[in-house]
Amino acid sequence: MTIHAHSQSHPSLDPRALRDAFGAFPSGVVAVAASVKGQLTGIAASSFTSVSIDPPLVSFSIATTSSTWPLLRAADRLGLSVLADHHDAVCRQLAGPREERFAGLPFKVTGNGAVLLDEAVATYDCSVHEEVVAGDHVIVLLEVHEVGAGDGEHPLVFHRSAFAKLHRDDLDPARLDGRINGAEVDRGAESESKEDAA
Ligand SMILES: Cc1cc2nc3c(=O)[nH]c(=O)nc-3n(C[C@H](O)[C@H](O)[C@H](O)COP(=O)(O)O)c2cc1C
């Protein structure tokens, strides 16, 4: 596959408007963390995305100016923890001064050095697969070695630079099952959704 790099600047594109447009897209937040040479190291990242089932890959983007990524990328394994909706203060802490990021946080360190937060909604034990420079960020592709269900229930949502919770009232309760192209998802039958959920 050929990837074309565009390095043109776009003087007509207002950076504020671009930030606002990016912020309109809601996301979850993950803690990306590891014990590197005995030092707890990590950040909060809202750019997490699932990428591939086979091989199992996920990604997040990190600013090229990050002072933490050069340390974190040296870890054998990175722990990713999907933050729960009571983790708003935890999220701020993980994005704050480096030496205070893990103060008072309940977490465990796996045998491989991945740091996983307690009460996360899901956890991933990953290693760096590939890094792709993309403008002022690096897209980090991670290979997933293990996943955990986590003991948190509802995810933290990040939207328009603020935290939010999920509200499911009045929404179609049917579950999409991943086959979202074409008729298969249009089953409509609630009974089938229940089977899937079982
Ligand atoms: C909700 C939230 C989401 C964030 N998402 C990202 C992200 O996806 N990528 C990133 O590089 N920084 C992100 N940050 C900033 C980092 O958590 C952290 O503050 C930053 O990397 C600190 O700089 P350092 O890497 O030099 O330590 C986010 C911060 C918050 C509060």
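So here's what we get for this one:
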{"quantity": "Subset of the stretch 23-35 (residues that are more than 13 Å from the ligand (Cβ to nearest atom) and farther than 10 Å from H159 by Cβ)", "calculated": "A34, S35"}
{"quantity": "Residues (among the charged types (D, E, K, R) and more than 9 Å from the ligand (Cβ to nearest atom)) located in the stretch 89-117", "calculated": "E99, E100, K108"}
{"quantity": "Residue that is farthest from the ligand (Cβ to nearest atom), among those in the stretch 58-71 that are open to solvent by less than 20 Å² (accessible area, probe 1.4 Å) and assigned to a strand (DSSP E or B)", "calculated": "V58"}
{"quantity": "Failed item in (1) within 15 Å of the ligand (Cβ to nearest atom); (2) of a type outside the set (V, I, T); (3) without any contact (Cβ under 8 Å) to a residue 24 or more places away in the chain, with S12 passing the rest", "calculated": "(1)"}
{"quantity": "Count of residues meeting criterion [within 12 Å of the ligand (Cβ to nearest atom) and not in a loop (DSSP other than H, G, I, E, B)] in the stretch 135-159", "calculated": "7"}
{"quantity": "The stretch 119-134, subset assigned to a strand (DSSP E or B) and under 13 Å from the mean Cα position of the chain (by Cα), residue farthest from L78 (Cα to Cα)", "calculated": "A122"}
{"quantity": "Which numbered condition L116 misses (of (1) among the aliphatic types (A, V, I, L, M); (2) over 22 Å from V138 (Cβ atoms); (3) in a strand (DSSP E or B); (4) in contact with a helix residue (DSSP H, G or I) (Cβ under 7 Å, 6 or more places away or on another chain))", "calculated": "(4)"}
{"quantity": "Counted residues, the stretch 95-113 - those being without any contact (Cβ under 8 Å) to a residue 60 or more places away in the chain, part of a loop (DSSP other than H, G, I, E, B) and either among the aliphatic types (A, V, I, L, M) or over 24 Å from A162 (Cα atoms) (or both)", "calculated": "6"}
{"quantity": "Residue list for the stretch 37-51, restricted to those being out of contact with any helix residue (DSSP H, G or I) (no Cβ under 8 Å at 6 or more places or on another chain) and within 13 Å of the ligand (Cβ to nearest atom)", "calculated": "L40, A45, S46, S47, F48, T49"}
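The values are calculated or read from the model by the stated rules, or taken from the named source; none is laboratory data. The shown structure was predicted, so the numbers you read here are calculated from the model rather than taken from an experiment. Ideal geometry is used to build each Cβ from the backbone, glycine not excepted, and the neighbour counts take in all protein chains shown. Protein only, heavy atoms only, side chains kept; ligands, DNA and RNA dropped before computing areas. Shrake-Rupley method; radii C 1.70, N 1.55, O 1.52, S 1.80 Å.
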